[in-house]
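> Sending over a structure as structure tokens; questions will come in a sec.
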Amino acid sequence: MRRFFMHTWILEKPGLFIRTEPGHITDPAAGDVLVKVHRIGLCGTDYHAYRGEQPYFTYPRLLGHELGVEVIATGEDVQQIAVGDRCAVRPYLACGRCDACLRGYTNACEQMRVLGVHVDGGLQLYLKLPAAQLHPSALLSYDELALVEPLSIGAHAVQRARLQADDRVLILGAGPIGLAVATFAALHHPQILAVADLQAQRLSFLQKLSFPQTPLPILLSQKPLDQICDAFDCKKPTVIFDATGNARSMEQCFSYAAQGASIIYVGLCQQHLSFSDPVFHQKELTLFASRNSLPADFAYVINLLESGRLQVQGWITHRYSLAQLPQAFEAIHQTQDHMCLKAMIEMET
């Protein structure tokens, strides 16, 4: 039995972190690994949980699912992971037995548990995980490894869309997930690529990040349809990704879309959505949901990062130590998130 002592923070209820000490942890069982957490990226899920707005969330909870970790020990039968490996963590704990898992849809497991949401996450110095959840890289930094998970969300959404070179692509929402979608959409070099948002500050991130094809910014105002048509040469987009998580925005996608267009919901909202069936049929639209990501998406992102085809300089806009975590959440909450692209928690003590 290993004993580790480190103060950390548990989200006791919305808006309240309590200092706690996880205590001891046993050696990893067969098929498991023990990792040391070096980096935790904060995302919308964490902020929504802090505000009491996250679906499927229970309190109290140790947050953290965007992780850069180091392998400390391995259990029996672990062959693909070795002590000392630096890894990204796929935080979706699928059962492996339900119909979805057996058909390859582990990202939509019927019994899905996500680290930091349904079970305690990486906001602790040491963590035990199934070895199958780890994706090692000898080349990437802990910062880059912690960014793999949010980037994989964008990669998976773009894979769902099956973009073509003649597509006109609109991404609604210039938050981290919307910009991740833009990053992978740009790899396909569509005819037109645009990102729309209500916040000029969010759109300013487009100039700070590296894209294979620079997206056009659209600062939405009173007449969004006119603005979108202007950006798309008086046409409508053939592919729309909604990464806002806003019900009104998600419903308005139908009016923005060209005939035969595809709409991909990447953001999640708690409300029921409604749309005009005559519009849906008259345009012969295709509607997709995109949830989490797959092991292949993680491998794809890591390969792009290692090869240099994907650059992530500029993604991390805020850094905090573990001791600063409650103040970090409150500061980001007070700015309504739009000043922050990605906050990174450095776990070293």
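Here, each number is a calculation from the coordinates, and none is a lab measurement. Just so we're clear, the structure is a prediction, and the values are computed from it rather than from any experiment. Quick reminder, even Gly has a Cβ in these numbers, built from the backbone with ideal geometry, and neighbours come from all protein chains shown.
> Taking the Cβ-Cβ separation of Asn303 and Ala165 as r and a Förster radius of 35 Å, what is the calculated FRET efficiency to the nearest 0.05? Each step should come with its number before you reach the end.
Working: r = 22 Å, r/R0 = 0.62.
After rounding, the FRET efficiency stands at 0.95.
> Across the chain, where is the longest run that never hits chymotrypsin sites (Phe, Trp or Tyr not before Pro) in a DSSP loop with at most 14 other C-beta atoms within 10 Å? List each step's numbers first, then the result.
On the way: sites that count: Phe5, Tyr56.
Here the longest segment lacking exposed loop sites spans 57-349.
> Which value in Å does the Kirkwood hydrodynamic radius of region 267-307 take, with 1/r averaged over all unlike C-alpha pairs and then inverted? Could you put the intermediate results ahead of the total?
Values: mean 1/r = 0.0729 Å⁻¹.
Kirkwood hydrodynamic radius for region 267-307: 13.7 Å.
> Using 0.36 nm per residue, how much length does the chain from Ser321 to Lys36 gain when fully extended, once their Cα-Cα distance is taken away?
Working: separation 285, 0.36 × 285 = 102.60 nm, distance 1.56 nm.
This chain segment gains 101.0 nm when fully extended.
> Which value, to two decimals, describes the C-alpha radius of gyration of region 93-227 once divided by 2.2 N^0.38 Å? Spell out each step's value before the answer.
Details: Rg = 17.9 Å, N = 135, 2.2 N^0.38 = 14.2 Å.
It is 1.26.
> Something else now. Restricting the count to DSSP beta bridges whose residues both fall in region 34-165, what percent are antiparallel, rounded to a multiple of 5?
95 percent
> What does a probe at Cys234 reach in region 248-292, counting residues whose amide N is under 18 Å from the point 7 Å along Cα→Cβ?
258-259
> Now, a different point. Just to be sure I understand the curve: with the Debye formula and one point per C-alpha of the chain, what is log10 I(q)/I(0) at q = 0.09, 0.15, 0.16 Å⁻¹?
-0.49, -1.32, -1.47
> How many nm separate the modelled label positions at Gln207 and His333, each set 7 Å beyond the Cα in the direction of the Cβ?
3.2 nm
> For region 153-187 and region 304-325, write down the distance between their C-alpha centroids in whole Å.
20 Å
> Within region 246-339, report the GluC sites (Glu not before Pro) that DSSP leaves as loop and that have at most 11 other Cβ atoms within 10 Å. List each step's numbers first, then the result.
Working: sites: Glu251, Glu284, Glu306, Glu330; in loops: Glu284.
For GluC sites (Glu not before Pro) across region 246-339 that sit outside H, G, I, E and B with at most 11 neighbouring Cβ atoms in 10 Å, the list reads Glu284.
> A further question follows. Can you give the charge dipole size of the chain about its Cα centre, rounded to the nearest 20 debye, using +1 on the beta carbon of Lys and Arg and -1 on the beta carbon of Asp and Glu?
Roughly 200 debye for the chain.
> Now a separate question. Take every Cα-Cα distance within region 1-160, group them into 5 Å bins from 0 onward, and report for each bin the whole-number percent of pairs it holds.
2, 9, 16, 20, 22, 17, 9, 3, 1
> Using only Cα atoms, find the angle between the long axis of helix 295-307 and the longest principal axis of the chain, and express it within 0 to 90 degrees, rounded to the nearest 10.
90 degrees
> Turning to a different aspect of this structure: Report the extension gain between Cys269 and Leu139 in nm, rounded to one decimal, defined as 0.36 nm multiplied by the number of residues separating them, less their alpha carbon distance. Each step should come with its number before you reach the end.
Details: separation 130, 0.36 × 130 = 46.80 nm, distance 3.66 nm.
Extra length from Cys269 to Leu139 when fully extended: 43.1 nm.
> Take the eigenvalues of the Cα gyration tensor for region 73-117, scale each by 5, and report the square roots as semi-axes in whole Å, largest first. The partial results should precede the final answer.
Working: eigenvalues 119, 36, 16 Å².
Working from the Cα gyration tensor, I get semi-axes of 24, 13, 9 Å.
> Write down Rg/Rh for region 227-349, rounded to two decimals, with Rg from the C-alpha atoms and Rh from the Kirkwood relation over Cα pairs.
On the way: Rg = 19.1 Å, Rh = 17.9 Å.
Ratio value, two decimals: 1.07.
> For Glu284 paired with Val119, estimate the spin-label separation in nm (one decimal), with each label point 7 Å from Cα along the Cα-to-Cβ line.
Taking the simple label geometry, Glu284 and Val119 are separated by 4.6 nm.
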